[in-house]
Amino acid sequence: MSSKEKKYKWRREDYQEQTRGLLMVHTGNGKGKTTCALGLMMRAAGRGLNCCMIQFMKSRNDRYGEHESAAKLGIEVHTMGDGFTWDTKNPEQDRATSRKTWELCVEKLRSGDYDLLVFDELVYVLSYDMLPLAEVLAELQSIRTSQPALHIVVTGRDAPAELIAAADLVTEMKDIKHPFNAGIRAQQGIEF
Ligand code: ATP
Ligand code: MG
């Protein structure tokens, strides 16, 4: 083995030792939190990672472009929203939907069947106190101890400080310009 190959091998081992499952947070007011998570799942699925996304806020009956693509890539997606939207008219129902959706997240976390789990809009739900932050953080912490290779992504605006502190990677999408403010409506293939 040449000295060049030896050096490469050493670096590979070093890289392997210094990896672990990440807790990743996509937050901020700009567009791109969910699509970033979808892009990551596309990359991960290409490497044979078993991925699942659970969406807290999208409506179960609506079809989104990502649902069609995920099915093609063998990526599991669960949409639990039940019409749960930004301008909530029924906070009690939203709280119950949040609880039911979190129970599915816990089931998936504890199953040990996944390499990458995405909880879309869990951060929004936490920032509105629809689920107790301490309970969610304790569950994530316990899973990260028992499954150290599991990657977890959570998305949504206004990430609480405790979640940011617990995460390995936090990206804030900054709203510099959005077509909505110029009166351009949501478009198929871009927003849904
Ligand atoms: P995307 O799903 O496109 O990655 P996102 O997950 O960052 O967006 P959310 O906060 O989940 O955004 O909001 C969902 C919808 O709100 C999207 O259709 C998105 O285009 C729209 N949106 C996001 N940011 C803004 C903004 N700053 N102003 C207006 N609409 C926005
Ligand atoms: Mg989103």
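The values are calculated or read from the model by the stated rules, or taken from the named source; none is laboratory data. Not measured: the values here are computed from a predicted model. Note that each Cβ is placed from the backbone with ideal geometry, even for glycine, and that neighbours are counted across all protein chains shown. All accessible areas refer to the heavy atoms of the entire protein, side chains included, with ligands and DNA or RNA removed. Shrake-Rupley method; radii C 1.70, N 1.55, O 1.52, S 1.80 Å.
Side notes on the structure shown:
- Residue check, ASP175 within 15 Å of VAL25 (Cβ to Cβ), among the acidic types (Asp, Glu) and open to solvent by less than 80 Å² (accessible area, probe 1.4 Å): no
- Here is the figure for the range 67-95: residues that are open to solvent by less than 70 Å² (accessible area, probe 1.4 Å), more than 11 Å from ILE54 (Cβ to Cβ) and modelled with pLDDT of 90 or more total 5.
- Of all residues in the range 163-187 being in contact with a Gly (Cβ under 7 Å, 6 or more places away or on another chain) and not aliphatic (A, V, I, L, M), the one that is nearest to ligand 1 (Cβ to nearest atom): ASP175
- Among residues of the range 142-160, those that are closer than 22 Å to MET57 by Cβ and either of a type in the set (D, E, K, R) or more than 11 Å from ligand 1 (Cβ to nearest atom) (or both), counted: 8
Residue-by-condition table, conditions (1) of a type in the set (S, T, N, Q); (2) within 16 Å of ligand 2 (Cβ to nearest atom); (3) under 15 Å from the mean Cα position of the chain (by Cα); (4) within 22 Å of HIS78 (Cα to Cα):
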{"position": "GLU107", "(1), (2), (3), (4)": "no, no, no, yes"}
{"position": "ASP113", "(1), (2), (3), (4)": "no, no, no, yes"}
{"position": "PHE119", "(1), (2), (3), (4)": "no, yes, yes, yes"}
{"position": "GLU135", "(1), (2), (3), (4)": "no, no, no, yes"}
{"position": "GLU139", "(1), (2), (3), (4)": "no, no, no, yes"}
{"position": "LEU150", "(1), (2), (3), (4)": "no, no, yes, yes"}
{"position": "THR155", "(1), (2), (3), (4)": "yes, yes, yes, yes"}
{"position": "ILE164", "(1), (2), (3), (4)": "no, no, yes, no"}
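- Residue that is nearest to ARG110 (Cα to Cα) [pool: residues in the range 132-180 that are touching a residue at least 60 places away in the same chain (Cβ under 8 Å) and among the hydroxyl-bearing types (Ser, Thr, Tyr)]: THR155
- Filter result for LEU137 (open to solvent by less than 60 Å² (accessible area, probe 1.4 Å) and in contact with a Cys (Cβ under 6 Å, 6 or more places away or on another chain)): no
- Residues of the range 18-55 classified as closer than 19 Å to LEU150 by Cβ, surrounded by 13 or more Cβ atoms within 10 Å (Cβ to Cβ) and of a type outside the set (S, T, N, Q), total: 19
- Number of the exception - SER146 against (1) open to solvent by 70 Å² or more (accessible area, probe 1.4 Å); (2) within 16 Å of ligand 2 (Cβ to nearest atom); (3) of a type outside the set (Val, Ile, Thr): (2)
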